[in-house]
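Below is one structure, written out as C-alpha cells; comments come after it.
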Amino acid sequence: MTLLAEGRRRFVLTAPSRALRYLPSTALVLDFLVVMLAAGLAIVARDSLGVFATPGTVAQTLGGVGPLMVVSWLVAILLVGGYQKDVFGAGTDEYKRLLTGALLCAGLVGVGCYLARYPLPRGFFLFFFLFGLPGLAVGRFLLRRALYQARLRGALLQRTIIAGSAAHVDEIAGVLRRESWLGYQIVGALTPATEKETETAAGVPVLGNSEELLATVTEIGPDVIFFAAGALGSGNEMRKVVWDLEANDVQVVIAPSVTDISSERIKFRPVGGLPLIHIGKPRTVQASRWAKRTFDIVGSLGLLVLFAPIFAFAMARIKLHDRGPVLFNQTRVGKDGVAFQCHKFRTMVINAEDLLAELHRQSGYQNGLFKMKEDPRVTGPGTWLRRYSIDELPQLLNVLRGDMSLVGPRPPLPLEVARYEPDTVRRLRVRPGMTGLWQVSGRSELSFAEAVRLDLFYVDNWSMLQDLTILMRTFQAVFGSRGAY
C-alpha cells in the first residue's frame, strides 16, 4: 500500500495487480494446449476419413515435423504480436492476430515442405489448421470471459491515472466506470495548474497538476495513463512526456474528445507524423432503408407463426382472469414524430390509467417511462407476462405494419417527447423497436438518461450485424428476467 502525501489530497492507493503480468504467459500455455489438441485431432481425422490418403499412418510420416509445426504456430502468433499485453480484454485485434499467425505458419510450413520435398500428409495439414484456428479463437474467447468476470469481482485491475481538464477527466471516468469489465481502476487525476479543486465533479480525486506527471508516475507506479483534452499544451509536450515515461512500465493512452462512436465509423490515418482520426457520418439513413424493412417483415411474420401457441395461451389467461380486454393499446410516438397505437397484452387492471396519477405522486416520478417494482395495478397473469416480456409480443403486428422495427429505440410516450431536450429528438429519426440496446443493457434497471444515451448510440451507429447481436442478446435478457418488472 502506498500513501500519497504530496498533492492536493491524501488517500491510500491500492496495490497493483501482479497477476496481470502473467496474462500473456497464460494465453501462451492455453494456445499450446489447443494447438496440441488440434494436432491430435488432425491425425485421427486424416487416418479415419482417409482425406488425401497415402500409404501408412500420419504418425509414421510426421516424424519431427509435427512438433515443429506446433512450435512454429506459436512463434508465428508471437511474431505478429498475439501475446502483447495491450491486445487482451477488448476489441477484435486479438483475433485478427490469431488469424494472421495461422496464415503465416501455414504459408511457411507449406513452402518449406515443398522446397525440402518433405512428404507432409496433406490431410493432416488441412485438418491441423481447420481444427486449430477455431480452437484458438474459442480458447481466447473463454480467457477473455474469465478476465471479465475477474475484473467485475475487483481482480486483475489496471491502476489508471487520467490527465486533463476536470470536465474531460469526468467524461473519460464516466465511460471507464460504466464499462467496468475493461478493468481500469481510476486512482486519481492530474489537472491543469489553473484548476484548484481537490476533486472533480464526478468524485475523481486530484493528485496534482499535469506538470507533475512524471513525479506522480514515479510515486504511484500506475499501469495506465489516459491523456484527455487539456492535459498538455502542445504535441511537442506530449512527445516529451512519452520520452520521459519510456523508463517506466506504464501504458500511455490518448483519449480524444469523442464518445459513443462505433469502431466501424472510425478510421485512423497517420499523415506526416500527425495521427488523424476520421469519423464517418451517422448511419441514421441506413437504419431506415429497404434492407432493414425487409428483415423486419420476414422476421415478424416468422415470429408470429412461431409464437402462435403462446399468443393463444396468453389471450386465454387474460380473458379468464377478469373478462376484460385482451389487448392494451397505447399511443406512442414513432419515426419522425408520427403517433401510432402500440399493442401489448393487458397486464394490469382495467382502470390502470385512472390510478397512474396517484402512483406518480407516491413514487416521486419526474421524467421518462414510468415503471415501478411491485406495481399494485399488475394482475396475476400480468406478472409472468411481464417477467418474460410476453406482453410485448403483439408489437409484432406493429412491426408488420411498419409502425415499429424489430430492433430500435424504445417507443416513447407523447408526454415524454414533449419534454425532450433538442439532442434527444434524434431518437425519432428511425422506427422504434421491440427491443434495443436499452433492453439488453438492463431494461427497467437503467436510468432515463442512460436509456437515451444507448438509443442515440444505436441511431448514429446502426448496422445489420448490431441488430442481429441485439436480437440474440435479447433472448438471454428475457429468459434471465433481468430488469423486468
Filter the trypsin sites (Lys or Arg not before Pro) in region 63-132 to those in DSSP coil with at most 14 other Cβ atoms within 10 Å of their Cβ, and list the result. R117
I want to check the label-to-label distance for R178 and R293. Put each point 7 Å from Cα in the C-beta direction and report it in nm to one decimal. 3.2 nm
Total charge of the residues flanking P275 in space, meaning their Cβ is under 14 Å from its Cβ, with Lys and Arg +1 and Asp and Glu -1, is +3
Restricting region 193-254 to GluC sites (Glu not before Pro) in coil, as DSSP defines it, with at most 10 other Cβ within 10 Å: E246
What helices does the chain hold that run 30 Å or longer along their axis, going by alpha-carbon atoms, with a Kyte-Doolittle average of 1.0 or more, using DSSP H for the helix calls? 23-49
Prolate/oblate/rounded call for the chain, Cα gyration tensor, a/c under 1.5 rounded: oblate
Which shape class, rounded, prolate or oblate, goes with region 197-342 when its Cα gyration tensor gives a ≥ b ≥ c as root eigenvalues, a/c under 1.5 marks rounded, and past that a/b bigger than b/c marks prolate? prolate
Indicate, rounded to the nearest 5 percent, the antiparallel portion of the DSSP beta bridges found entirely in the chain. 50 percent
Ordered by fewest other Cβ atoms within 10 Å, a rough proxy for footprinting exposure, Y148, Y184 read Y148, Y184
Choose one of V204, L276, A255: the residue whose Cα lies farthest towards the positive end of the charge dipole of region 202-308 (beta-carbon charges +1 Lys, Arg; -1 Asp, Glu; about the Cα centre). L276
Fewest-first ranking of T294, T424, using other Cβ atoms within 10 Å as the exposure measure: T294, T424
List Y118, Y458, Y83 from most exposed to least, where exposure is judged by having the fewest other Cβ atoms within 10 Å. Y118, Y83, Y458
Counting pairs on different chains as well as pairs 8 or more places apart, how many Lys pairs in the chain have Cα atoms under 28 Å apart? 20
In terms of the alpha carbon gyration tensor, root eigenvalues a ≥ b ≥ c, rounded if a/c is under 1.5 and otherwise prolate when a/b exceeds b/c or oblate, region 54-205 is prolate
Charge sum, other residues only, whose C-beta stays under 12 Å from R289's C-beta, Lys/Arg counted +1 and Asp/Glu -1: +3
Give me the net charge of R144's neighbourhood, meaning all other residues with Cβ under 13 Å from the Cβ of R144; Lys, Arg count +1, Asp, Glu -1. +1
Report, in deg cm²/dmol and to the nearest 500, the calculated mean residue ellipticity at 222 nm for the chain, where each DSSP H run with n ≥ 4 adds -39500 (n - 2.57) and the sum is divided by the residue count. -15000 deg cm²/dmol
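Quick note: the coordinates plus some simple rules give every number you see, no bench work behind them. Fair warning: this is a prediction, and the values are worked out from it, not measured in the lab. In this analysis, Cβ positions are derived from the backbone assuming ideal geometry, glycine residues included, and neighbour counts consider all displayed protein chains.
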